[in-house]
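Below is one structure, written out as structure tokens; comments come after it.
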Amino acid sequence: MKISADVVRAFTPTGKLRASINTGNPVLAAADAVHGARGVSVDLARGFAQRLGVALELVVFETAGQSVDAISQEQADIGFFAIDPKRGEGIHFTAPYVLIEGCYVVRSDSPLTANEQVDRAGTRVVVGKGSAYDLFLTRELKQATLLRAPSSQAVVQTFLEQGAEVAAGVRQQLEADALPLGNMRLLPGRFMVIQQAMGCPRGRGTEAAAALAAYVEDMKRSGFVAEALQRHGIGGAAVAPAA
């Protein structure tokens with residue numbers, strides 16, 4: 001796909017493609033001492049910079065909220081986010097490229113056995129502040145109380161410190177942080193499917209947004225996304241279907 005000079009300029013106001021990378025979601029990226037970050041989102045950012053014919057600059061954050069703010073405030077040119085209507089106020093989203101499960105974890109002796117039992121008065125649910133599941137559960141939970149940890153990585157620690165009843169997050173993060181402790185279990189199934197997409201500031205225009213959307217579809221169709229997931233050892237995430 002040929003990209004016009006106008007679109008290239010729209011994506012590179014500083015002369016480089018600045019990619020907002022969130023290392024708070026292990027499915028997307030992880031911190032790297034040499035390059036700043038590595039993972040599926042970094043691979044996609046590098047591929048898009050190559051398509052534009054420009055240099056890539058990674059702008060690395062520890063939380064989804066910081067990464068969203070960077071795009072909304074035009075401090076970065078592209079980013080990788082869970083699709084959410086609130087975030088869509090300032091971001092043009094592509095169709096999703098990866099689907100991730102949002103799950104609950106409880107203590108082994110918890111009386112809770114199903115996701116549907118969580119939304120009850122007196123149940124405190126810990127979430128990562130500004131995460132996709134924070135936004136989703138803020139809308140969906142009517143009786144349970146949300147407690148916000150400073151980041152997704154801090155959810156289990158906050159859950160333990162606060163003596164809360166439930167921790168919510170990306171399945172892979174909870175499996176890594178909670179299950180090794182030995183007194184935790186995941187509730188069966190999932191409470192949401194997180195649709196991970198690329199995005200750019202709305203101010204960059206519809207032609208730029210269309211070019212980014214076409215790139216994502218190309219990367220899914222070619223097998224690039226599936227290969228990146230395998231290369232980085234990411235299990236439990238699925239390539240999203242074609243838009």
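The values are calculated or read from the model by the stated rules, or taken from the named source; none is laboratory data. Since the structure is predicted, the reported quantities are computational estimates derived from the model, not experimental observations. Neighbour counts run over all protein chains shown; Cβ positions are idealised from the backbone, glycine included. These area figures cover heavy atoms from the full protein model, side chains too; ligands, DNA and RNA do not enter into them. Shrake-Rupley method; radii C 1.70, N 1.55, O 1.52, S 1.80 Å.
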> For region 198-243, what is the accessible area per residue in Å², given a 1.4 Å probe and the full set of protein chains?
Replying inline: 47
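In square nanometres, what is one fourth of the surface area of the convex hull spanned by the alpha carbons of region 142-239?
Numbers: hull surface 36.9 nm².
Computed as one quarter of the Cα hull surface, the answer is 9.2 nm².
Could you give the accessible area per residue of region 43-113, probe 1.4 Å, as a whole number in Å²?
Heavy-atom accessible area per residue stands at 39 Å².
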>> Quick check on packing: order 12-19, 127-134 by the mean number of other C-beta atoms within 10 Å, highest mean leading.
In response: 127-134, 12-19
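Provide the percentage of antiparallel DSSP beta bridges, counting only those with both residues in region 1-138; round to the nearest 5.
So the antiparallel bridges in region 1-138 amount to around 25 percent.
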>> Given 37 °C and 0.692 mPa s, compute D for region 1-124 with the Stokes-Einstein relation, Rh being the Kirkwood radius over Cα pairs; round to the nearest whole µm²/s.
In response: 199
> How high is the FRET efficiency between residue 185 and residue 145 when r is their beta carbon distance and R₀ equals 25 Å, given to the nearest 0.05?
Replying inline: 0.70
>> P(r) for region 75-182, please, calculated from all Cα pair distances in 5 Å bins and given in %.
In response: 2, 11, 22, 23, 18, 11, 7, 4, 1, 0
>> Give the separation of the Cα centroids, region 225-239 to region 1-61, in Å.
In response: 18
> Rounded, prolate or oblate: which one fits region 1-72, using the alpha carbon gyration tensor with axes a ≥ b ≥ c (rounded when a/c is under 1.5, else prolate when a/b beats b/c, else oblate)?
Replying inline: prolate
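What FRET efficiency comes out for the pair residue 4/residue 138, r = Cβ-Cβ distance, R0 = 41 Å, nearest 0.05? Kindly include the intermediate steps, with their values, before the conclusion.
On the way: r = 40 Å, r/R0 = 0.97.
Step by step, r from the Cβ atoms, then E = 0.55.
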> Along the three principal axes, how long is region 73-113 when you take its alpha carbons, biggest first, rounded to the nearest angstrom?
Replying inline: 46, 21, 17
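In whole percent, how big is the carbon plus sulfur part of the accessible area of the chain, probe 1.4 Å, protein atoms only?
Values: 5390 of 10700 Å².
Solvent-exposed carbon and sulfur of the chain make up 50 percent of the total.
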>> For the pair residue 14/residue 113, report the inter-label distance in nm, with labels modelled 7 Å from Cα in the Cβ direction.
In response: 5.4
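Which value results for Rg/Rh of region 191-243 when Rg is the Cα radius of gyration and Rh the Kirkwood radius based on the inverse mean 1/r? Don't skip to the answer; put the middle values down first.
Values: Rg = 12.9 Å, Rh = 12.6 Å.
With Rg and the Kirkwood Rh in hand, the quotient comes to 1.03.
For the chain, what mean projected area does the convex hull of the alpha carbons give, in nm²? Present the calculation step by step, with values, prior to reporting the outcome.
Working: hull surface 51.5 nm².
The Cα convex hull of the chain, projected and averaged over all directions, gives 12.9 nm².
Let me know the shape class of region 136-175, please: from the alpha-carbon gyration tensor, a ≥ b ≥ c as square roots of the eigenvalues, rounded when a/c is under 1.5, otherwise prolate if a/b is greater than b/c, or oblate. If you can, show how the numbers build up before the last one.
Numbers: a/c = 1.90, a/b = 1.31, b/c = 1.45.
Judged from the Cα gyration tensor, region 136-175 comes out oblate (a/c at least 1.5, b/c at or above a/b).
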> What residues of region 113-152 lie in the reach of a label at residue 161, counting those whose backbone N is under 12 Å from a point 7 Å from the Cα along Cα→Cβ?
Replying inline: 148-151
